[in-house]
Amino acid sequence: MLRTTFKRALQTSGCQVRAVSMAAVNAEAPQRAPKREGDISSVFASLSGMEDTPLPDRFRELKLSLVAGHEQEVQHSWKRLLVALQKENDIVGSQKSNVIPEVEYANLEADLVKKQGELRKRGAAIIRGVIPEQEARAYKDEVEAYVRKNPGTRGFPADNPQVFELYWSPPQVRARSHPNLVRVQRALMQSLWHVSSPRAPIDTSQPLAYADRLRIRQPGDAKFALGPHQDGGSVERWEREGYGRGGVYDAVFAGRWEEYDPWDASGRVDAVIDLYDGMGGCSMFRMFQGWLSMSHSGPRRGTLLVNPLPQLSLAYTLLRPFFRPRKELDLDATPASSPARREYLDPSNWEFTAGEAMTSDLQGARPSQGQEFPKLSMHPHLELDRTMVHIPDVKPGDFVVWHCDTIHAVDKVHNGDSDSSVMYIPVCPTTEHNAEYLVRQRQAFLDGTPGPDFPGGKGEAEHIGRATHKDVTDPMARRSMGLEKLLAAPDMQPGAKEAVQKANALLGF
């Protein structure tokens, strides 16, 4: 019944019929109240000017419980981690952007196999030439024309928008639907990620679309200066009802960080990455975050920086709240080559804070906000002043991706002489939880409102010329947006088949 009603809704131009039919489909998935209006500054304390306040005492109790019975193992693992970090930081600090792997779309599968080890170690990559250059550059011109037709479009900063609250402009929908891009998403999931349990309900053969914003950053801009941060929640990484539900980081808290595999998707299926329904806090499991370039850009020209050590930096982020320095140092005023810095970072200067010494601190994390790394002193051994490296030069049509746990940032100042423009397009597998989100996102697409994770309001509901379901014609793209039934291949693992069946049921097929 739902499938028939939904098809009829898509074939009918009347908004009332669409709303009624989709309400029936949406009844199959958990509902959340629409979020208030806002922009990207709502997601990060550093952009919104929010003051840092101590976390409640329950986080102190949580920290004590996470390492209970493993205190000695955690202390030994911390020392091993600091040694590994120093070695890898030196490599990254000397090679800088040269450590970022590059893949040619024309040789996609072969390059992904050839460079698999490097890609997994670095957690970031450029896939060159995914969409023809002229076509990708034209996306940007179309977006600007769309904004001119719709001057009420919101953005950040409000006085001179660089990041627009746009999700359903025709070029955005076309880019997400492009067969080349969908092919890349599928290849990235299947070549770099793995599922250790064949019964884990996840399918990586059919990416699901996630409608995100876009950026057109102008030369000289210094307001969209988003510093080092991780997406996908913050305090959720420590909470038992967050990532703990899937045991994603259990090995780290047990003192065995070397056994933590950033590329095993099994535990992440059950993880809850947005416990607090934050403004722009992503609730969908994104294996990679990414953007499609619509311009020529590069280092110090308004582009992306990443810390290319996903396993080490994540383990350090999780363990840092359990240790404190014996002797303090103003790291921001101390050169990277200074002996004083090395002395400060030496394992002998750091002590474990179990028992009565434990605090509620989770450096840079707060409920409903993204995880940030605003000061060197918060996470000193990451040495982000020398290990955040620029993505190399890109041109329109290049697709840049980074692992969902990767620390990343944006150039503080755009010192280039032309715009730095991208569409944010992540890589999402098929899971039951992701399908639940897709149901609500599909309704938002039909209504022209922002996706469920994002600040609410009427969005583009009244925008002239926004995209509709008729603009999505490729079968794989239609499946990725919940407009057609997902396929179950005969040779699928049991878990993948289960994920597809549950997703189709939620989507009304």
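The values are calculated or read from the model by the stated rules, or taken from the named source; none is laboratory data. Being a predicted model, the structure only gives us computed values, none of them experimental. When we count neighbours, we look across all protein chains shown, and the Cβ atoms used for this are built from the backbone with ideal geometry, even at glycine.
Yes/no matrix, rows are residues, columns are (1) assigned to a helix (DSSP H, G or I); (2) without any contact (Cβ under 8 Å) to a residue 40 or more places away in the chain; (3) surrounded by fewer than 12 Cβ atoms within 10 Å (Cβ to Cβ); (4) among the aromatic types (Phe, Trp, Tyr):
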| position | (1), (2), (3), (4) |
| --- | --- |
| Lys63 | yes, no, no, no |
| Ser77 | yes, no, no, no |
| Arg80 | yes, no, no, no |
| Ala84 | yes, no, no, no |
| Asn89 | yes, no, no, no |
| Val92 | yes, no, no, no |
| Lys96 | yes, no, no, no |
| Gly117 | yes, yes, yes, no |
| Ile127 | no, no, no, no |
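The residue list Gly242, Gly233 contains one member that is under 29 Å from Arg479 (Cα atoms) and buried (at least 23 other Cβ atoms within 10 Å of the Cβ), which is Gly233. Looking at region 217-231, is at least one residue within 17 Å of Arg268 (Cβ to Cβ) and touching a helix residue (DSSP H, G or I) at 6+ places or on another chain (Cβ under 7 Å)? Looking for residues that are within 17 Å of Arg268 (Cβ to Cβ) and touching a helix residue (DSSP H, G or I) at 6+ places or on another chain (Cβ under 7 Å), one finds none in region 217-231, hence no. Of all residues in region 379-406, count the ones that are polar (S, T, N, Q) and outside any loop (DSSP other than H, G, I, E, B). Total satisfying the criteria: 1. When Phe454 is tested against the conditions (1) more than 22 Å from Pro179 (Cβ to Cβ); (2) surrounded by fewer than 23 Cβ atoms within 10 Å (Cβ to Cβ); (3) at pLDDT below 95, the lone failure is (2). Against the test of being touching a helix residue (DSSP H, G or I) at 6+ places or on another chain (Cβ under 7 Å), part of a strand (DSSP E or B) and touching a residue at least 60 places away in the same chain (Cβ under 8 Å), the options Pro207, Pro198 yield a single qualifying residue, Pro207. The residues of region 398-451 that are acidic (Asp, Glu) and under 26 Å from Gly364 (Cβ atoms), listed by number, are Asp405, Asp411. Applying the condition of being over 15 Å from Arg174 (Cα atoms) and at pLDDT 95 or above to region 471-493 and asking which residue is surrounded by the most Cβ atoms within 10 Å (Cβ to Cβ) yields Gly482. The strands (runs of 3 or more DSSP E) found wholly in region 283-347 and carrying at least 3 residues that are modelled with pLDDT of 95 or more and not aliphatic (A, V, I, L, M) occupy 288-293, 323-325. Scanning region 146-162 for residues that are farther than 15 Å from Lys223 by Cβ and in contact with a Gly (Cβ under 7 Å, 6 or more places away or on another chain) yields Tyr146, Lys149.
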